[in-house]
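Computed from the coordinates by the stated procedures, all read-outs in this text should not be read as laboratory data. Note that the structure is predicted; figures quoted are calculated from it, not measured. As a convention, Cβ positions derive from the backbone with ideal geometry for all residues, glycine included, and neighbour counts pool all protein chains shown.
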Amino acid sequence: MTLTLYHIPDWGSSIIRLALEEIGQPYEIRLLDWDAGDFDAPDFRALNPQGLIPVLATPEGPIFETAAILLWLNERFGGLGPREGEPDRLAFLSWLFFVANTLHPTVLAVAYPHRAAGEEAAPETRRLAFERLNQQAAMLESLITTKSPAWFSSARAGALGYYLAILLRWVIALPEEAYRFSLRPFPALHAVLAAHETFPAARRVIAADALGPHPFTTPVAVP
Ligand SMILES: N[C@@H](CCC(=O)N[C@@H](CS)C(=O)NCC(=O)O)C(=O)O
């Protein structure tokens, strides 16, 4: 089966690259160049009308949206979380969609507040989004400490860990120091992300995408 990931290192497609390495499924990388207009090219828009990555081309057709791709990979190949009929499936689905529908937009509002509300409202939008991000991280901290889910743990890699690893690295390394997200108040989440840095599949993506030595816990700030 040929799987092709439309990709730019350290963009959202790195989440899918981590998942593909984790399940051990061969894949090809199609590198895109945003400045060259690749995202507006008709053949790319035919795959995802939004003109966004990640997109995964599969023998069944293209699939876009991070959570949809993670879920499809898990249904098809396993290894990223509980599948239909397996224990704790409902909690896994709930938290995966919490990250996709709630935390992901919050991260984007912290990183790019002007997109959500225009330049004038950007400072207040960012301040409120930063508060929400910390509340949402507290929910994940509580999930780990009270439920110890096997699919979101230091013991094994999973869809949720890799999804969060890339999202949170963007805001930990935010150029604006006042709104840099810190893992310090969230030791259990820190431990899960630290473990995800060490898994062999992650090490391969960290090298291939040049993400740096401790990319999920202490990413280097992009100037
Ligand atoms: N909800 C989408 C968000 C995807 C997204 O925002 N992708 C960004 C990169 S991380 C992108 O392609 N941006 C290109 C642009 O804004 O032109 C998903 O989860 O797949």
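Some points to look at:
- Counting charges near ARG204 (Lys, Arg +1; Asp, Glu -1) among other residues having Cβ under 14 Å from its Cβ returns a value of -2.
- DSSP beta bridges in the chain [antiparallel fraction, %, rounded to 5]: 65
- Straightening the chain between ALA121 and LEU52 buys 22.3 nm, computed as 0.36 nm per residue apart minus the Cα-Cα spacing.
- Counting beta carbons within 10 Å around each of THR145, THR4 and listing the fewest first gives the order THR145, THR4.
- Calculated log₁₀ intensity ratio I(q)/I(0) where the Debye formula runs over C-alpha points of the chain, q = 0.09, 0.11, 0.15 Å⁻¹: -0.35, -0.53, -1.03
- Among PRO185, PRO82, PRO113: highest mean-square fluctuation, GNM of the chain, C-alpha pairs under 10 Å: PRO185
- Three-way shape call for region 123-221 based on the alpha-carbon gyration tensor, with the a/c threshold at 1.5: oblate
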